[in-house]
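Worksheet: the structure to be examined is printed underneath.
Here, each number is a calculation from the coordinates, and none is a lab measurement. Just so you know, these numbers come straight off a predicted model, no measurement behind them. All Cβ positions, glycine included, derive from the backbone under ideal geometry; neighbour counts span all protein chains shown.
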Amino acid sequence: MSDQIRKRKVDHLSICLKKDVECKNITTGLEYVYIVHNALPEIDLDDVNTSSDFFGFKLSFPLLFDSITGGSKESKQVNQTLAEVAKEKGLGMFLGSVRPALEDPNTFDSYTIARDTAPDIFIGLNIGAPQLSRGFDLDRLKSLLNDMKANALSIHLNPLQESVQVEGEPFFRSVLEKIRFLVKNLNIPIIVKEVGCGISREVATKLELAGVSAINVAGLGGTNWAIVESIRSRMLGDNQKAELGDIFSSWGIPTSISIIECAQNVKIPIIASGGIRNGLDMFKSMVLGAKYCSIALPVLRASKSIQELSLLVDKFLIEFKTAMFLSGCKSVNELKSVRYYLGPQLKGLLTR
Ligand SMILES: Cc1cc2nc3c(=O)[nH]c(=O)nc-3n(C[C@H](O)[C@H](O)[C@H](O)COP(=O)(O)O)c2cc1C
């Protein structure tokens, strides 16, 4: 069992590195968000302070590396690079699903490497809804959280991915009840995320009522798990699953809409993700109501070296800071009052 999971994680890394796995016929919708330019910002670019607080951790700007990997030799290297750059650049990070470590303690070091590399940054551990649904050992989970000195647990909801995956586990009964249970029994923040299909206002409201501390929308428009699993299914000779993935490759809530739906309906912080590809996407997401942003695919692709990933972060920062300057914002708290309008494509989608 654990060998199969490890092999799948390696396949995911290699497919996401080498193939075109992003949405093709649908976008985040952020290109239809028009920010009202401020020609008289009355500040210097240097007056802009991009820093932000994330569950007690100071971020140089509101960006996190999202859950990517764990459980293999390859993932150990990726997690080390991510932690090194997160430390150097004042960011936080989430580890990939902890499932391999729950099944095989020999994979621990592919996760703990992050904390060993960066003792003081925010690090979140990740687990999937199907593992919660089918029952889990709370003490094991607590001890993993403890060993990894995790600052939060993020839970991924991925019903489409599980439906298309060859060995998928589309088990989602009682997940909300398990989330409530974890909120009561763990003394760290619980963050719930999708993996590329977005969170609706109905789901956001249930999660807030369950006591979740933040929602990561992981909307449609970026990495597409129907496409990833379809590619993998075809590689493994399962054409039926592959076609299912193709049919559902535009399924989900575009990131911009998911942010608006969640931010307008719940008070807990919203993390924008799913196709955030530059600092302007970050800025627009935050003007729509998100408090933080996270990215996965661009981080994985830049993780070949510390230098490459550092350059990517610098690029996001200067883009984000420039947008703040052009809107006259001195601090990230001011983003929520920046005026914007929505193009007809987005307005149309939002009327239903
Ligand atoms: C190679 C890879 C592995 C991933 N593994 C996980 C995972 O273990 N758990 C999880 O919650 N999300 C996982 N994700 C999803 C991301 O955290 C994120 O939600 C999604 O990719 C959308 O962001 P993006 O468009 O910036 O990639 C993974 C993403 C990638 C690219």
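In table form, for the structure just shown:
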| quantity | calculated |
| --- | --- |
| Loop-located trypsin sites (Lys or Arg not before Pro) in segment 41-127 whose Cβ has at most 16 other Cβ within 10 Å (DSSP) | none |
| For SER285, SER60, order by how many other beta-carbon atoms lie within 10 Å, fewest first | SER60, SER285 |
| Share of pairwise Cα separations in segment 2-350, more than 28 Å, in percent | 39 |
| DSSP bridge orientation in the chain - percent antiparallel, rounded to nearest 5 | 20 |
| Qualifying trypsin sites (Lys or Arg not before Pro) in segment 207-252, DSSP loop, other Cβ atoms within 10 Å at most 15 | none |
| Rounded to the nearest 20 debye, dipole of the chain from Cβ charges on Lys, Arg, Asp, Glu | 460 |
| Mean separation of Cα contacts under 8 Å, 6 or more apart, over the residue count of the chain: relative contact order % | 23 |
| Residue order, fewest to most beta carbons within 10 Å, for LEU157, LEU145, LEU63 | LEU145, LEU157, LEU63 |
| In degrees, nearest ten, helix 225-235 long axis to first principal axis of the chain (Cα) | 40 |
